[in-house]
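*Asks:* Take this structure first; my questions come after.
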Protein chains: 2
Amino acid sequence: MTVKLTRAALETMDERDELRTFRDRFHLPDGLIYLDGNSLGAMPKAASERVRHVVDVEWAQGLIRSWNQYGWIDLQQRIGAKIGRLIGADEGETIVADSTSVNLFKMLAAALKLRPGRRVILSEPANFPTDLYMAEGLIALLGGDHELVLAEPDEIESAIDEDVAVVMLTHVNYRTGRMYDMAKVTERAHRAGALTVWDLAHSAGAVPLHLAAAGADFAVGCGYKYLNGGPGAPAFLYVARRHQDTVAVPLTGWFGHADPFAFEPSYRPASGIARALVGTPPLISLSALEVGVDLMLEASMSALRAKSVRQAEIFAALIEQEVAGLGFEIVSPREADRRGSQVCLSHASAWPIMQSLIARGVIGDFRAPDVLRFGFTPLYLGYTELWDAVAALRHIMESDEWKQPAHHARLKVT
Amino acid sequence: MTVKLTRAALETMDERDELRTFRDRFHLPDGLIYLDGNSLGAMPKAASERVRHVVDVEWAQGLIRSWNQYGWIDLQQRIGAKIGRLIGADEGETIVADSTSVNLFKMLAAALKLRPGRRVILSEPANFPTDLYMAEGLIALLGGDHELVLAEPDEIESAIDEDVAVVMLTHVNYRTGRMYDMAKVTERAHRAGALTVWDLAHSAGAVPLHLAAAGADFAVGCGYKYLNGGPGAPAFLYVARRHQDTVAVPLTGWFGHADPFAFEPSYRPASGIARALVGTPPLISLSALEVGVDLMLEASMSALRAKSVRQAEIFAALIEQEVAGLGFEIVSPREADRRGSQVCLSHASAWPIMQSLIARGVIGDFRAPDVLRFGFTPLYLGYTELWDAVAALRHIMESDEWKQPAHHARLKVT
C-alpha cells in the first residue's frame, strides 16, 4: 500500500530540508519551476558580482596585468582542482579547458594512442550524440583503421574484448538518466586491457563520484549544468595520474607547453594535467564557473544525493498518482543506484506537452523523439515545486491545453 | 633633413584626429599609456552593460529559454558574419568558435585532407609558437607521414613546391610586426597546388584585409586583441566558400551538425561554415566579443590604417630622436606595407626595461628573448601618448631606473 502524497506533506519536507538555505544563494525567477538545471544551471547570485569585477576591474582597469595580478593564468588549474574534489579525483588530475566536445576528442585521441593495435572504440547507441560524432570525426581523421562499435547498456560489459581500445560512455544518460556502475565497467575494461573515457556531463555535481577509486582513466565534463557555471561555461577533464606523464594530447597548444612564455619553437608538454590545456581560455565565462563550483563545494554531496533521490522518487510517485492513464511512461530506471538526478517520461505528444508546460512556467526539456526530461537540482529545488509541476502537467492534460497550435511550433533549440 | 618632433605637434594631431571620439567609447585607466592592445584590447564601455545583461537577465531570468529568446543559438554565426566584414570575407565565410589554437587545428587538418599525398606543412621558424605546436600535434596524431618545414619569410615563396600541402603563416608576425603580402603568397601557393591557412591574430582589426579577394583558403583569428572582445574572447575562423561543401572538419561536434537538436546517432555536417562549430560556446565571453566587433565596425578601416601607419612612423621617429645610442634597435620593417600595427625594439635588457616602463604606467609587451613590443590601436590611442611613452623610456634609461632589482623579477605571464 502506498500513502497518497499531498502538497502539505511536501511543504513540511521543504521546511525540514537542511539544504533549503542554499536556495537563497541563487537567483530564481518568480513563479518559475525550474526542472532544467541539468541543461543550464541557475545563476548563483555571487556570479553576477564576480563577473562584474572581472569585466569592470580586471579587464577594464587591470588590462594585460591581470594575468598575473588576478591570477588569470592559474584559473584553469584552480577551478579544475575544485572540480576534482567534487568528482573524487586525486590532486592534480583535473583541469578546466575548452568545451566538453573538444575535451572528449583530446581524451579519446590520447587514450587510443596508449592502445596501439586495438581498433575499437566501444560506446552505446543512445550516448549523447556529440560524443559519438566526435569519435566518428577522430576515426575519420586517423584514416579509418578504428571503428566505433555500439552496444546496448546491458551488453557493454560483455562487448569488451581484446579489440577494444577504449570504452567511451556517458556515466548518466542524458535522455533516460540511466547510470552506469563506473567502477564495475572500468574494472571490466581494464581486465581486457582497454581504457575508459567517461563523460560526466550529467554526473558532476549531481551524483557522488569517485573517479580515482573507480580506477577511471580519462573523463570529461560540463560546467554549465549541475555546476551552475553559466551558459556555455568552459568544460573540464580528468586524466588519471598514472597516465599523465606518458599521455600525448593531440591539441598541443601553447597553454599546454612546459614554458608557454619562453616562446620555444618546439612543443614540450607541461608536466602533469596542464598538458591538456590548449589555447587562451574565455576568462569572463571561466570566472563565472568558479562561483558555481565554490557554491557546490559548500554543500555535502551525500546530503545532495539523498535529496535528489528523494525528489526523483516523489516526482515519479506523483506522476503515477496524478497523471496515470494519460499516456506517460517513466523511462528512467526506478532503482536509485542506477539513476542520475533526473526522471524522464515518454509520451507520444512529448513536444507540445513540454511547450505547454513551459508556457505555464514549468521548465523541463524535450529530448527527441518523445521524451520529457525533468532534472532535479537539490541545491535550489524544493519539494513543493514537484507537486506544483505535476499539478500543472495534470491541468494541461485535462484541459487539453497542450493541443493549442502555439505549442506545436518548432523552436531552434529544444 | 628631418624635422624634430615636439609634444605640442602631437597634441595638435590629436585635436585634428577624426577617430578621436572613439576613445571615449572605451574605458581607459587614468594615467596609463596602453601600447598593448595587441595582447589584450581595452574594454568598450558598452561591454560592461552587455555582459551585465547576459548574466542578470539572459542567464538569471531567461535561463534555458534564452537560447531562443535572446538568440544565443545564432550568436556564433552573427558575430562571425560581422568579423567577416572586417576581414574582407564574403558572406557566410566566417564564424566564431573555440580558441585560435583549436581553430588552427581544425583548419589545418581540413586543409591536409584536401591535399592527400602531399606531405609538407610550410611555415616560418618565427611563427607564433602555438601555431607550430598545433601543427606538430596534428602531424603526430596523423602518424608522422607529414612534415613541418620551416623557411625564413623571404624564402617562403621559393619553398612552395609540389610536396607542400599547406602554407601556414601568421599574416603579421607577433614579435616583429612583419606583414606578408597575402595575395601574393596565396597565388604562389595555388600555382603549386597548395592551400593556405592564415593566422590573423595580429591583423584582424589592425590592418585592411581582403581574404576573399586574396583567394585565401582558410584563416583563423583572435577576438581579444584588436577586436577588443575581452580576455580570452572566443576566436574566429574563415573557410572560403569554394571549400565549404567538401571540407571535413575533424572536430565533429553537435553544434556543427546539420540538425543538432534532432539528436541523430550519426554525424551529418551542417551546410556552409556552421560545420566548423564544435561544442557549446562560452556565452558570456562570446557576448562581450560582439560589443568590441560592433565598435570596430563603426570606424573606417582605411582611416584606422592611416592613423596606425602614422603612429608607427612617429613612434619610430621618436625612438631615434629620444633614445638614440642607448642600445635599442627597431626590428620591425620600416616600410608601412610590410608592417602591421606595431613597432618592436630589441634591447639586450628588454625584460627589465619593459618591467620598469610598466611600473611607470606605460604598458607594452616583452617577447622573449629580447623584444619590447609596442602595439598601436588607433581606435583609442592618441598621438600625444606616443610622446609620453618615449619620454618615459628615456627617463628610465637616463636614470638607470630599469636597473632596480624589482624590475628583474620573473612574472608568470610576460
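The values are calculated or read from the model by the stated rules, or taken from the named source; none is laboratory data. Remember, predicted model here, so these are calculated numbers, not experimental data. Don't worry about glycine lacking a Cβ; one is built from the backbone with ideal geometry, like all the others, and counts go over all protein chains shown.
*Asks:* Given the criterion outside the structural domain of residue A:63 (by TED's automatic domain parsing), of a type outside the set (S, T, N, Q) and part of a helix (DSSP H, G or I), identify the matching residue among A:317, A:274, A:324.
*Replies:* A:317
*Asks:* Can you work out which of the residues in the range A:156-211 that are acidic (Asp, Glu) and not in a strand (DSSP E or B) is surrounded by the most Cβ atoms within 10 Å (Cβ to Cβ)?
*Replies:* Residue satisfying both the conditions and the ranking: A:157.
*Asks:* A follow-up question, please. Considering the range A:352-361 alone, what residues qualify as being surrounded by fewer than 24 Cβ atoms within 10 Å (Cβ to Cβ) and either hydroxyl-bearing (Ser, Thr, Tyr) or over 23 Å from the mean Cα position of the chain (by Cα) (or both)?
*Replies:* Across the range A:352-361, the qualifying residues are A:352, A:355, A:359, A:360, A:361.
*Asks:* Then there's this: For the range B:333-343, indicate whether the set of residues that are at pLDDT below 95, among the aliphatic types (A, V, I, L, M) and under 23 Å from the mean Cα position of the chain (by Cα) is non-empty.
*Replies:* Scanning the range B:333-343 turns up no residue that is at pLDDT below 95, among the aliphatic types (A, V, I, L, M) and under 23 Å from the mean Cα position of the chain (by Cα).
*Asks:* Any chance the range B:145-154 includes a residue that's surrounded by fewer than 15 Cβ atoms within 10 Å (Cβ to Cβ), part of a helix (DSSP H, G or I) and at pLDDT 95 or above?
*Replies:* Yes: the range B:145-154 contains one or more residues that are surrounded by fewer than 15 Cβ atoms within 10 Å (Cβ to Cβ), part of a helix (DSSP H, G or I) and at pLDDT 95 or above.
*Asks:* Being of a type in the set (Val, Ile, Thr) and more than 14 Å from chain B (Cβ to nearest Cβ) is the filter here; which residues of the range A:386-414 pass it?
*Replies:* Within the range A:386-414, A:390, A:396 meet the criteria.
Each row is one residue, and each column tells you yes or no for (1) within 14 Å of chain A (Cβ to nearest Cβ); (2) at pLDDT 95 or above; (3) under 23 Å from residue B:245 (Cα atoms).
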| residue | (1), (2), (3) |
| --- | --- |
| B:76 | yes, yes, yes |
| B:88 | no, yes, yes |
| B:93 | no, yes, yes |
| B:98 | yes, yes, yes |
| B:110 | yes, yes, yes |
| B:122 | no, yes, no |
| B:128 | yes, yes, no |
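*Asks:* Picking from A:240, A:233, A:214, which residue would you name as being in contact with a Ser or Thr (Cβ under 7 Å, 6 or more places away or on another chain), surrounded by fewer than 24 Cβ atoms within 10 Å (Cβ to Cβ) and of a type outside the set (Lys, Arg)?
*Replies:* None of the other options fit; the residue is A:214.
*Asks:* Go through (1) hydroxyl-bearing (Ser, Thr, Tyr); (2) surrounded by fewer than 18 Cβ atoms within 10 Å (Cβ to Cβ); (3) under 27 Å from residue A:40 (Cβ atoms) for residue B:100 and report which single condition fails.
*Replies:* Going through (1) hydroxyl-bearing (Ser, Thr, Tyr); (2) surrounded by fewer than 18 Cβ atoms within 10 Å (Cβ to Cβ); (3) under 27 Å from residue A:40 (Cβ atoms) one by one, residue B:100 breaks only (2).
*Asks:* So, residue A:309, is that one in a helix (DSSP H, G or I), under 25 Å from residue A:413 (Cβ atoms), of a type in the set (A, V, I, L, M) and modelled with pLDDT of 95 or more or not?
*Replies:* no
*Asks:* How many of the residues making up the range B:267-287 are of a type outside the set (A, V, I, L, M, F, W, C) and at the interface with chain A (Cβ under 7 Å from one of its Cβ atoms)?
*Replies:* Residues flagged as of a type outside the set (A, V, I, L, M, F, W, C) and at the interface with chain A (Cβ under 7 Å from one of its Cβ atoms) within the range B:267-287 amount to 6.
*Asks:* Which condition does residue A:189 not pass, out of (1) over 21 Å from the mean Cα position of the chain (by Cα); (2) over 20 Å from residue A:338 (Cα atoms); (3) among the small types (Gly, Ala, Ser), if it passes all the others?
*Replies:* Only one criterion in (1) over 21 Å from the mean Cα position of the chain (by Cα); (2) over 20 Å from residue A:338 (Cα atoms); (3) among the small types (Gly, Ala, Ser) is unmet by residue A:189, namely (2).
*Asks:* Can you find, within the range A:363-385, the residue that is farthest from residue A:311 (Cα to Cα) among those that are more than 12 Å from every other protein chain (Cβ to nearest Cβ) and assigned to a strand (DSSP E or B)?
*Replies:* Out of the qualifying residues, it is A:372.
*Asks:* Among B:233, B:183, which is the only one that is without any contact (Cβ under 8 Å) to a residue 60 or more places away in the chain, within 14 Å of another protein chain (Cβ to nearest Cβ) and either of a type in the set (A, V, I, L, M) or under 19 Å from residue B:290 (Cα atoms) (or both)?
*Replies:* None of the others qualify; the one that does is B:233.
*Asks:* Here's another thing I want to ask about it. Look through A:290, A:264 and report the one residue that is among the charged types (D, E, K, R), within 9 Å of chain B (Cβ to nearest Cβ) and crowded, with 16+ Cβ neighbours inside 10 Å.
*Replies:* One residue alone meets the criteria, A:264.
Here's the yes/no breakdown for (1) over 30 Å from residue B:58 (Cβ atoms); (2) in contact with a Leu (Cβ under 6 Å, 6 or more places away or on another chain):
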| residue | (1), (2) |
| --- | --- |
| A:194 | yes, no |
| A:197 | yes, yes |
| A:202 | no, no |
| A:211 | yes, no |
| A:218 | yes, no |
| A:226 | no, no |
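*Asks:* What is the number of the single condition among (1) modelled with pLDDT under 95; (2) surrounded by 24 or more Cβ atoms within 10 Å (Cβ to Cβ) that residue A:245 does not meet?
*Replies:* So the condition that residue A:245 fails would be (2).
*Asks:* Which ones in the range A:1-12 are part of a loop (DSSP other than H, G, I, E, B) and surrounded by 13 or more Cβ atoms within 10 Å (Cβ to Cβ)?
*Replies:* Hit for the range A:1-12 is A:5, nothing else.
*Asks:* While we're looking at this one, here's another question. Of the residues that sit in the range A:212-230 and are farther than 23 Å from residue A:298 by Cβ and assigned to a loop (DSSP other than H, G, I, E, B), which one is farthest from the other protein chains (Cβ to nearest Cβ)?
*Replies:* It comes out as A:215.
*Asks:* Ok, one more. Can you run down the residue pairs with Cβ atoms below 8 Å, 6 or more apart or on separate chains, where the first is in the range B:159-173 and closer than 25 Å to residue B:340 by Cβ and the partner is among the polar types (S, T, N, Q) and in a strand (DSSP E or B)?
*Replies:* B:166/B:196; B:167/B:123; B:167/B:196; B:168/B:123; B:168/B:196; B:169/B:123; B:169/B:196; B:172/B:342
*Asks:* Counting only residues that are farther than 21 Å from residue B:57 by Cα and facing chain B (nearest Cβ under 7 Å), which one in the range A:13-60 is surrounded by the most Cβ atoms within 10 Å (Cβ to Cβ)?
*Replies:* Checked the range A:13-60; the qualifying residue surrounded by the most Cβ atoms within 10 Å (Cβ to Cβ) is A:59.
*Asks:* Just the residues that are in contact with a Pro (Cβ under 9 Å, 6 or more places away or on another chain) and at positive phi, please, taken from the range A:9-66.
*Replies:* The answer is A:63, and nothing else.
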